[in-house]
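Worksheet: the structure to be examined is printed underneath.
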Amino acid sequence: MIDKLKVMEIVRDTLEGSDKYLVNLKITTDNRIFVDIDGDNGINIDDCIELSRAIEGQLNRDEEDFELNVSSAGADSPLRMPRQYKRHIGRQLDINLNDGRVLHGRLQEADDSQIVIETKGNKKHPAETLTIAYADIKTACVVVQF
């Protein structure tokens, strides 16, 4: 099986010094490699191609065959890292908390340990400003608006 730590090191070395970063890396038992990246200013196809070539250039298919998929963390992908939250300040989020609550609100602030959101009020519940630790978030997704 392809060594996950080796692939992670290749990704980090390739992205070092840029605004790009690794969001998720998964390697299946049949050597399918899935790499999701993001960037402080977004990701484009050329970023994915460059990283894909770097990984392929340092792995040997003759020793161990593999399938490689490099992509950006999609608009509908859950936020996984504080750095991603910081990039989306000002946008609407749908948040599922570990305690079962579901929140909808505008991301006001984000640091390395927590976020601050402002929920939209209605007749039953007034608008609130809530501080939420990352540890309390099960999933959080950006609401794509057109």
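Restricting Ile95, Ile89, Ile45 to residues that are of a type outside the set (S, T, N, Q) and either over 18 Å from the mean Cα position of the chain (by Cα) or in the same structural domain as Arg12 (by TED's automatic domain parsing) (or both) narrows the list to Ile45. Among the residues of segment 32-81, what is the count of those that are among the acidic types (Asp, Glu), free of Cβ contacts under 8 Å to residues at least 12 places away in the same chain and part of a loop (DSSP other than H, G, I, E, B)? Residues flagged as among the acidic types (Asp, Glu), free of Cβ contacts under 8 Å to residues at least 12 places away in the same chain and part of a loop (DSSP other than H, G, I, E, B) within segment 32-81 amount to 2. Could you list all residues from segment 102-126 that are assigned to a loop (DSSP other than H, G, I, E, B) and surrounded by 11 or more Cβ atoms within 10 Å (Cβ to Cβ)? Across segment 102-126, the qualifying residues are Asp111, Lys120. Per the listing Leu59, Leu22, the residue uniquely within 10 Å of the chain's Cα centre (by Cα) and within 14 Å of Ile10 (Cα to Cα) is Leu22. Within segment 5-15, is even one residue part of a loop (DSSP other than H, G, I, E, B) and over 15 Å from the mean Cα position of the chain (by Cα)? There is no residue in segment 5-15 that is part of a loop (DSSP other than H, G, I, E, B) and over 15 Å from the mean Cα position of the chain (by Cα). Considering segment 110-120, and only residues there that are over 17 Å from the mean Cα position of the chain (by Cα) and at pLDDT 95 or above, the residue that is farthest from Gln145 (Cα to Cα) turns out to be Val116. What number of residues within segment 67-78 satisfy the criterion of being modelled with pLDDT under 95, surrounded by 11 or more Cβ atoms within 10 Å (Cβ to Cβ) and not small (Gly, Ala, Ser)? So the answer is 1.
Given the structure, is Val102 within 18 Å of Pro78 (Cβ to Cβ), without any contact (Cβ under 8 Å) to a residue 24 or more places away in the chain and β-branched (Val, Ile, Thr)? Here the answer is yes, as Val102 does meet what is asked. Give the residues of segment 32-66 that are surrounded by 13 or more Cβ atoms within 10 Å (Cβ to Cβ), closer than 23 Å to Arg80 by Cβ and hydrophobic (A, V, I, L, M, F, W, C), sorted by residue number. Scanning segment 32-66 gives Ile33, Phe34, Val35, Ile37, Ile43, Cys48, Leu51, Ala54, Ile55.
The values are calculated or read from the model by the stated rules, or taken from the named source; none is laboratory data. The structure displayed is predicted, hence computed values, not measured ones. A quick note on method: Cβ atoms are made from the backbone with ideal geometry, for glycine too, and the neighbour counts reach across all protein chains shown.
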